[in-house]
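Each remark here refers to the structure printed beneath this line.
Read-outs throughout are calculated quantities, based only on the coordinates presented, and are distinct from any laboratory measurement. Not measured: the values here are computed from a predicted model. Don't worry about glycine lacking a Cβ; one is built from the backbone with ideal geometry, like all the others, and counts go over all protein chains shown.
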Amino acid sequence: MKPIHMNHMSWPEYQRRVQKDGATVFLPCGATEQHGPHLPLGTDHLLAAAVSESVATRVGGLVAPPLAYGYKSQPKCGGGQHFCGTTSLDAATLIGQVRDTVREFARHGVRQLVLCNGHYENQWFLTEGIDLAIRDLGPNPPLTVMRLEYWDFFTNPTLERIFPEGFPGYALEHAAVLETSMMLHYHPDLVRLDLIPDDGPADFPPYDLYPPEPAWVPPSGVLSSAKAATKEKGGWMVEELTDRIAAAVRKEFG
Ligand code: ZN
Ligand code: MN
């Protein structure tokens, strides 16, 4: 099997894969953010990287080193910035990182680039970074960029199977059933099953306050119960994500 990790390759090998084979490059985008007492701080970038690896293996692509820091954690979808360990970027910093890396991949001769996002708060700043890079590259940019949030690829039948009692929504799924099940699939050694809390679902008002009110957020940092997480559910999710993201990449990039 061909190697898939850019950071494990020499530059001539990478150049061959990109320029001769026309390999699609995946850039995982995550965060370093609290994920309760049972999941590691790297959960968002670890999952973005793992999903990227699954899809890259399927389509013969490459995976670049992840952007491991993300936009500031928001109370309603990541618990907020008051947790120790959460390490976040200002929007302008994240936009700059994305703009610079996209422009560099274009210089390498990458023709298809996929930004696979694993941190809810990143979305519009990734969009802005890509948009500025494309503008930098002029009227006929040499590469096409796909941006995706991996959770958008779950189908309703899968969500119904995973959440027989009702899906709380992706924002409240922070460190809960989805991420815990996927971590049990990809990185079982990093999950502390004995520490899974039974918090939430958190009940937020329909507005925000600045500075934010930490009392809105369960002290564990988990926004809805992770108790129903299993490795088996993680396997179903990864199978569906891999199939459907690979199909999207093939449809757009051939
Ligand atoms: Zn997360
Ligand atoms: Mn996150």
Enter the angle in degrees (range 0 to 90, nearest 10) between the Cα long axis of helix 123-136 and the first principal axis of the Cα atoms of the chain, meaning the one along which they spread out most.
20
Note, ³J(HN,Hα) from phi for region 245-254, Karplus 6.51, -1.76, 1.60, rounded to Hz, x at Gly and Pro
6, 4, 5, 5, 5, 5, 4, 7, 10, x
Among V238, G79, Q112, which residue has its Cα furthest toward the positive end of the charge dipole of the chain, with +1 on Lys/Arg Cβ and -1 on Asp/Glu Cβ?
Q112
The long-range amide H neighbours of V63, using H built 1.01 Å from N in the peptide plane and a cut-off of under 5 Å, are H5, M6, F26
Sorted by mean Cβ packing within 10 Å, highest first, what order do the peptides 44-50, 217-223, 151-157 take?
44-50, 217-223, 151-157
Nearest 10, in degrees from 0 to 90: the angle of helix 177-186 to the longest Cα principal axis of the chain is 50
Over the chain, how many percent of alpha carbon pairs lie in each 5 Å bin up to the one with the longest distance?
1, 6, 14, 17, 19, 16, 12, 8, 5, 2, 0
Tabulate in residue order the Karplus-calculated ³J(HN,Hα) for region 155-167, using 6.51 cos²θ - 1.76 cosθ + 1.60 with θ = phi - 60°, rounded to whole Hz; enter x for Gly and Pro.
8, 4, x, 5, 4, 5, 6, 7, 10, x, 9, x, 8
Under a GNM of the chain (C-alpha, springs under 10 Å), which listed residue has the highest mean-square fluctuation: Y150, Y186, Y210?
Y210
Once you compute Rg and the Kirkwood Rh from C-alpha atoms, what is the Rg to Rh ratio for region 43-185?
0.99
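About the Cα centre, and with charges only on the beta carbon of Lys, Arg (+1) and Asp, Glu (-1), how big is the dipole of the chain? Nearest 20 debye, please. List each step's numbers first, then the result.
Values: 21 positive and 30 negative charges, 232 e Å.
Using Cβ point charges on Lys, Arg, Asp and Glu, the chain gives about 1120 debye.
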I'd like the distance separating the alpha-carbon centroids of region 25-86 and region 103-148, in whole Å.
18
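How do 13-23, 76-86 rank on mean C-beta neighbours within 10 Å, highest first?
Working: 13-23: 15.7, 76-86: 18.5.
Per-residue mean Cβ counts within 10 Å order the peptides as 76-86, 13-23.
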Would you work out the relative contact order for the chain, in percent, from Cα pairs under 8 angstrom that are 6 or more residues apart?
24
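Could you tell me which of the pairs K20/K251; K2/K227; K76/K251 are separated by over 29 angstrom between their Cα atoms in the structure shown?
Working: K20/K251 21 Å; K2/K227 38 Å; K76/K251 34 Å.
Check vs 29 Å cut-off fails for K2/K227; K76/K251.
Let me have the relative contact order for region 48-195, percent, based on Cα pairs under 8 Å that are six or more residues apart. Working shown, then result.
On the way: 144 pairs, mean separation 33.6, N = 148.
Relative contact order comes out at 23 percent.
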Dipole check, region 182-254, charges on Cβ (K,R +1; D,E -1), about Cα centroid: among A228, F253, L193 the Cα furthest to the positive pole belongs to F253
Using the charge dipole of region 84-172 (Lys, Arg: +1 at Cβ; Asp, Glu: -1 at Cβ; taken about the Cα centre), state which of T101, L143, Q123 has its Cα farthest towards the positive end.
L143
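Return a whole-number percent for the relative contact order of region 174-254, with Cα pairs under 8 Å and 6 or more residues apart as the contact set. The partial results should precede the final answer.
Details: 87 pairs, mean separation 37.4, N = 81.
Relative CO of region 174-254 lands at 46 percent.
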Highest first, please rank the peptides 230-237, 4-11, 170-177, 134-141 by the mean number of other Cβ atoms sitting within 10 Å of their residues.
170-177, 230-237, 4-11, 134-141
Cα gyration tensor of region 122-253, axes a ≥ b ≥ c as square roots of the eigenvalues: rounded (a/c below 1.5), prolate (a/b > b/c) or oblate?
oblate
Could you go through region 100-105 in sequence order and give the Karplus-derived ³J(HN,Hα) for each residue, using 6.51 cos²θ - 1.76 cosθ + 1.60 with θ = phi - 60°, rounded to whole Hz, and x for Gly and Pro?
5, 5, 4, 5, 5, 4
Quick one: which residues, 5+ away or cross-chain, put their amide H under 5 Å from the amide H of R147? H built at 1.01 Å from N.
L115
Where nothing but the Cβ of Lys and Arg (+1) and of Asp and Glu (-1) is charged, how large is the charge dipole of region 176-254 around its Cα centre, in debye to the nearest 20?
300
